[in-house]
1. Taking a ≥ b ≥ c as the square roots of the Cα gyration tensor eigenvalues, with a/c under 1.5 meaning rounded and otherwise prolate when a/b beats b/c, else oblate, which class fits the chain?
2. What ranking of Val255, Val66, Val344 emerges when the number of other C-beta atoms within 10 Å of each C-beta is taken as an exposure proxy, fewest first?
3. For the residues His318, His122, what sequence is obtained by ranking on other C-beta atoms within 10 Å, fewest first?
4. About the Cα centre of the chain, what is the dipole size in debye to 20, counting +1 per Lys and Arg Cβ and -1 per Asp and Glu Cβ, all else neutral?
5. At what distance in nm do the modelled label points of Ala155 and Ser100 sit from each other, each positioned 7 Å from its Cα along Cα→Cβ?
6. Just name one of Ile118, Ala278, Val149: the one whose Cα is farthest towards the positive end of the charge dipole of the chain (beta-carbon charges, Lys/Arg +1, Asp/Glu -1).
7. Please list the non-local residues whose amide H lies under 5 Å from the amide H of Ser390, H modeled 1.01 Å from N, same-chain partners needing a gap of 5 or more.
8. Which of Trp73, Trp271 has the fewest other C-beta atoms within 10 Å, and how do the rest follow up to the most?
Amino acid sequence: MRFLRPDAVGVDTDSGIVVGIIIVAAGTGSRLGHPDPKAFVPVAGRPILAHALEGVFGSTERAQVVIVAPAEWAAEARELATEVAGAAHESVTVVIGAASRQGSVAAGLAALAPGIEIVLVHDAARSFTPSAQFDAVINAVRQTRAGVVPGLPVADTIKRVGDGRVTATVDRSDLVAVQTPQGFPRQQLASAYADASADHTDDAALFAAAGHEVRVIDGDFRAFKITTPWDLRRAESLVPVAELAETRTGIGIDVHAFDTARPLWLGGVFWPDEVGLAGHSDGDAVSHAICDALLSAAGLGDLGSNFGTAEPRFADAHGEVFLTATVERVTAAGYVIGNVSVQVVANHPKIGTRRGEIETRLSTCVGAPVSVAATTSDRLGFTGRGEGLSVIATCLLQRNQQRRFR
């Protein structure tokens with residue numbers, strides 16, 4: 001997903017981004033019995049907003065993301081967005097919220113770039129909304145050009161009451177419990193907000209009050225709203241075991257053919273008497289495999305998606321350039337590298353003759369122990385025929401326990 005800088009207001013973009021996602025995170029945590037704003041109350045050690053951003057950033061749609069936060073928490077919101085999205089992405093727009101939810105959404109609308117055509121409004125408190133729900137709302141708005149809200153059938157029997165007495169049983173067959181994100185054509189939503197003369201409980205109600213159509217699509221039980229301490233306990237149960245363990249593993253594989261016209265850089269060191277490797281950069285398959293392992297473990301994609309061949313600055317770049325940039329991204333995402341293990345499959349060069357030098361060099365670049373081993377494929381396959389080499393790297397990451405928000 002691509003993000004716009006905080007100063008993007010009023011600046012059109014040629015990136016083709018037409019979707020804006022406003023995350024409302026300016027509410028208090030009073031009903032949670034917590035002194036901090038609700039979006040910054042921790043669930044399994046991470047703020048509610050961080051969990052919400054995971055769903056947003058997992059959408060397949062490129063979008064401008066606007067977080068509406070309390071003034072004194074804007075810096076934390078910006079840091080959280082960087083941690084979840086990774087340093088490979090530009091900063092998310094963060095704006096200051098208002099006293100009411102309606103005012104906060106209006107502030108988010110004002111921060112959207114001119115090219116945005118579809119707007120989603122999402123409550124950070126619905127922090128476990130799956131990415132697929134964002135995609136479904138976007139697609140529905142695009143197809144219908146109407147307002148779109150996700151909803152779940154009402155399971156409980158509903159009673160109408162007055163003065164503490166039941167006056168009627170309500171037919172629940174045509175009722176739904178509405179969730180977020182709620183999606184709208186940008187121009188119609190902006191006009192509805194500009195003309196609004198009353199407060200509404202959600203954006204769909206405001207949109208409908210302006211005379212626009214609102215449609216309903218299937219919601220998701222995971223998109224419940226965290227409001228009470230009981231909701232917090234329910235949210236804890238949805239956090240994956242791997243996330244609670246704060247440990248992740250990654251694997252990376254890289255393959256390069258030999259090229260007699262190029263020098264050999266492998267494991268961050270120069271091999272003056274060996275045939276080089278083909279590639280856009282220096283072809284250092286060891287460094288590249290390590291990068292892929294680290295990026296995959298942190299959930300940041302792969303080498304190609306972070307350092308595309310279209311960027312001239314990476315042409316003929318040495319492996320340490322990619323390693324340094326990868327470590328920065330992994331660290332920004334909130335992880336500490338535990339160790340890296342590398343296996344080289346090749347007839348040559350003879351890794352054992354320079355193993356200590358390679359391990360020292362790579363460990364310095366990565367900031368963690370790197371071990372290197374080598375083997376052959378017993379004359380089988382392209383490595384056995386001496387046409388090239390392959391490298392497999394694995395790594396262990398741990399979430400940085402020092403990265404805590406107040």
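Since every read-out is calculated from the coordinates, none of them should be taken as a lab result. In this text, all values refer to a predicted model and were calculated from it rather than measured experimentally. FYI the Cβ positions are ideal-geometry reconstructions off the backbone, even for glycines, and counts take in every protein chain you see.
1. On the way: a/c = 2.62, a/b = 2.23, b/c = 1.18.
Taking the square roots of the gyration eigenvalues as a ≥ b ≥ c, the chain is prolate.
2. On the way: Val255 16, Val66 30, Val344 23.
By the 10 Å Cβ count, ascending, the order reads Val255, Val344, Val66.
3. Details: His318 15, His122 27.
By the 10 Å Cβ count, ascending, the order reads His318, His122.
4. Working: 35 positive and 45 negative charges, 192 e Å.
Dipole about the Cα centre, nearest 20: 920 debye.
5. About 3.4 nm, to one decimal.
6. Val149
7. For Ser390, whose amide H was placed from the backbone, the distant partners under 5 Å are Val345.
8. On the way: Trp73 24, Trp271 17.
Fewest-to-most Cβ neighbours within 10 Å comes out as Trp271, Trp73.
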